[in-house]
Amino acid sequence: MTESPHETTTDPITLPGTPLADAVVNLIRPVETPSVFNHSIRSYLFARLAAGRLGLTVGHDYHDDLLFAACALHDLGVASDGPHSQRFEVEGADRAAAFLMDHGVAAADADQVWQAIALHTSPGIAERRGTLCVLVRAGVGLDFGGPMGTDHADAVTDEQADAVHAAYPRLDMVRSLTDAIVAQAAKNPKNAPRYAIPGEFLRERETYGRTRMEHSSRSSRWGN
């Protein structure tokens, strides 16, 4: 797989700029809210910083295009044009893998992306399924600023975070993403299994008016 021309960049907001990455952006931008879109891109930027903290190098330990695809597509299951017929993590993983194979990505690489997306809400499992799963969960967790854990908090300096947030503002991300997950979960009982994130978000919203994630995010590093 061709690596990004920006693989050695120190610019915290540079995207891969490859044909595959451009195709991913063109897929998600029209079907995700601006808040969820920005979250997806920030997750990649933060995952790349986490990779540096972990001593992982692009082209040797992970493929930049696959990392970008997995992070950028990790919430594709709540996109407005989806079938919304299974829990959002699995639906997004299925759509992402099919999209990548349609764009010439090998089935084995697409399966790595599938696992990273399907498991990104599964602590203790994702971390044991390979580097891509580790980095996607790290990037998503960093963008939540604490509620998903602080294992890699020191991977992002305040200056880097300011640059990322200036380019891709938060736009009340936690509420916006929770709204999308809850709306998708409410469409079909299969979308909201007990003790899975979509099922618990739906039940917490119905019972308390907001989720524990929304409550804890107010005191997180980013404040939303």
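The values are calculated or read from the model by the stated rules, or taken from the named source; none is laboratory data. These numbers were taken from a predicted model, which means no experiment stands behind them. No Cβ is skipped: glycine too gets one built from the backbone with ideal geometry, and neighbour counts run over all protein chains shown. Remember, those area values only see protein heavy atoms, side chains included, never the ligands or the DNA or RNA. Shrake-Rupley method; radii C 1.70, N 1.55, O 1.52, S 1.80 Å.
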Rounded percent of accessible protein surface that carbon and sulfur make up, segment 6-103, 1.4 Å probe: 53
Placed amide H near A192: partners under 5 Å, 5+ positions off or other chain: none
Listed residue (V31, T121, Y195) projecting farthest to the positive dipole end of the chain, Cβ model: Y195
Kirkwood Rh, angstrom, segment 166-209 [1 / mean 1/r, Cα pairs]: 11.0
Å² per residue, accessible surface of the chain at 1.4 Å: 44
In sequence order, calculated HN-Hα J values of segment 32-45 (Karplus, 6.51, -1.76, 1.60; Hz; x Gly/Pro): 10, 5, x, 5, 5, 4, 4, 4, 5, 6, 4, 4, 5, 4
3J(HN,Hα) from dihedral phi, segment 126-131, Karplus parametrisation 6.51/-1.76/1.60, rounded to Hz, x for glycine, proline: 3, 5, 10, 10, x, 4
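About its Cα centre, how strong a charge dipole does the chain have in debye, to the nearest 20, once Lys and Arg get +1 and Asp and Glu get -1 at the Cβ? Provide the component values of the computation, followed by the final result.
Details: 20 positive and 29 negative charges, 189 e Å.
With only Lys, Arg, Asp and Glu charged at Cβ, the dipole is about 900 debye.
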Computed accessible area, H103, all protein chains, 1.4 angstrom probe, square angstrom: 90
Relative packing of 131-139, 108-116, 153-161, which averages over residues the other C-beta atoms within 10 Å, highest first: 131-139, 108-116, 153-161
Within segment 150-211: Cβ-based charge dipole about Cα centre, in debye rounded to nearest 20 (Lys, Arg +1; Asp, Glu -1): 660
Net dipole in debye of segment 81-210 [+1 Lys, Arg Cβ; -1 Asp, Glu Cβ; about Cα centre; nearest 20]: 620
Calculated from backbone phi, Karplus (6.51, -1.76, 1.60) coupling profile of segment 188-203 in Hz, x at Gly/Pro: 7, x, 5, 7, 10, x, 4, 6, 9, 3, x, x, 6, 4, 4, 5
Proximal charge balance of R129 [Cβ under 14 Å; K/R count +1, D/E count -1]: -1
Global geometry of the chain, whether rounded, prolate or oblate, following the gyration tensor of its Cα atoms and the 1.5 cut on a/c: oblate
